[in-house]
Structure formats: structure tokens, C-alpha cells
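Accompanying notes for the structure given below.
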Amino acid sequence: MMAHPVRISLRLRNSAAALGVSFVLLSSVGAAHAQSFSIGANFTAITRQQTRTVSGFVIEPPDTMGAAGPNHFVAFNNGSFSIYSKSGSLISQTSDTSFWTSALGTDPGGLTDPRVFYDPLSQRWFASMVTTDQATNNFILIARSNTPDPTQGFKAVSASTLSNRFADFPMLGFDAN
């Protein structure tokens, strides 16, 4: 099969000016092939009442986030950090504050915007949140699992924003490096 570039132009408008953005996509020439896949276990990671039990209160919105690794599924919500087997059995569950206190070595205070990912190249889990106790210059928290097994703990760091800014809605991404 031979790949041919296809150029797509997209024009976006904002109040100041029109911006031109181009994307190059690869198009395959040849017969379409059906994809096959199977769906694994489906289960409820945590309910509002369970979050209340774990953290002491229900946080709205829950900002639900989850990631699958080779042997585990990790769910991270506002209020809770949960580790499941791939079949859906709960292995461990703690509040988001307890997770960060353990990983950082100190209580981070108010938290929001949980993210969790498994990186197959490094075979580590990564998590992030931001603190909310500060009106500006809040903290971005980033944690990495100690091993490929998320039940073996995490090590975390925090970084403050600068110039009277408030970090919100952090995102994580990975590449081969």
C-alpha cells in the first residue's frame, strides 16, 4: 500500500484576525480493511457515595480520568485515587489528598483536575493535579510510579506558577524520549 499526502486547509476566525492552519494527512490507497477488536471488562470505577466515603465529601464535577496498563486500571477523580485489576476488582483506594501527601511527603491542600496515564515505553504511571488554595501562583503536581505496578507507590514534585498566574486544566503527553 502506498501513502499519499493529502493537504487540508482550515481557516479559523477570532475577533482579531483570521488564521490559516494546514494539516498533512496520509491517505492509503487500496482496499479498506476491517478493524477487529474486543472489548474487555466494563465496571463502575467509583460512585459519588464511595467518593464521599473516601474523601469526606462529593466534589462536582468529578473530573473522571482513567488509564489502563498491562495488569491494572487506575481511576483518578476529584476526591479519589483507585487501583483495580484488569477484571475490575478493587485493589486499593484512597483520597486524592492522601495520594499526593504520600507521593510528595506533604499535604498539598485543595486539589483539582486529575490526570493519569500509563506510558508503555518507560513502564511507569504518571499523574498530575493542580492545587486550588492559592488565588494565583498555585502549584502543578506531577507524580511518577516507582515501578510498573501502581500499587508500589509514587514519587511526586510540585512546581509553582509565576507572574500571578493560576494553572488550570493540566495535560500530559509522551513521546519516545
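Let's see how each residue does on (1) open to solvent by 40 Å² or more (accessible area, probe 1.4 Å); (2) outside any helix (DSSP H, G or I); (3) at pLDDT 95 or above:
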| residue | (1), (2), (3) |
| --- | --- |
| Thr101 | yes, no, yes |
| Thr106 | yes, yes, yes |
| Pro114 | no, yes, yes |
| Trp125 | no, yes, yes |
| Met129 | no, yes, yes |
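When residues in the stretch 148-160 are screened for being in contact with a Lys or Arg (Cβ under 8 Å, 6 or more places away or on another chain) and more than 14 Å from Gly105 (Cα to Cα), 1 of them pass. The residues of the stretch 41-56 that are open to solvent by 60 Å² or more (accessible area, probe 1.4 Å) and in a helix (DSSP H, G or I), listed by number, are Arg48, Gln49, Gln50, Arg52, Thr53. Which numbered condition in (1) at pLDDT below 85; (2) within 20 Å of the chain's Cα centre (by Cα); (3) of a type outside the set (Lys, Arg); (4) farther than 16 Å from Leu111 by Cβ is the only one that Glu60 fails? Failing condition for Glu60: (4). Scanning the stretch 151-177 for residues that are under 14 Å from the mean Cα position of the chain (by Cα) and of a type outside the set (Phe, Trp, Tyr), which turns out surrounded by the most Cβ atoms within 10 Å (Cβ to Cβ)? By that ranking, first place goes to Pro170. Within the stretch 135-150, the set of residues being buried (at least 16 other Cβ atoms within 10 Å of the Cβ) and aliphatic (A, V, I, L, M) comprises Ile140, Leu141, Ile142, Ala143.
The values are calculated or read from the model by the stated rules, or taken from the named source; none is laboratory data. Remember, predicted model here, so these are calculated numbers, not experimental data. Ideal geometry is used to build each Cβ from the backbone, glycine not excepted, and the neighbour counts take in all protein chains shown. These accessible areas exclude ligands, DNA and RNA; they are computed on the full protein's heavy atoms, side chains included. Shrake-Rupley method; radii C 1.70, N 1.55, O 1.52, S 1.80 Å.
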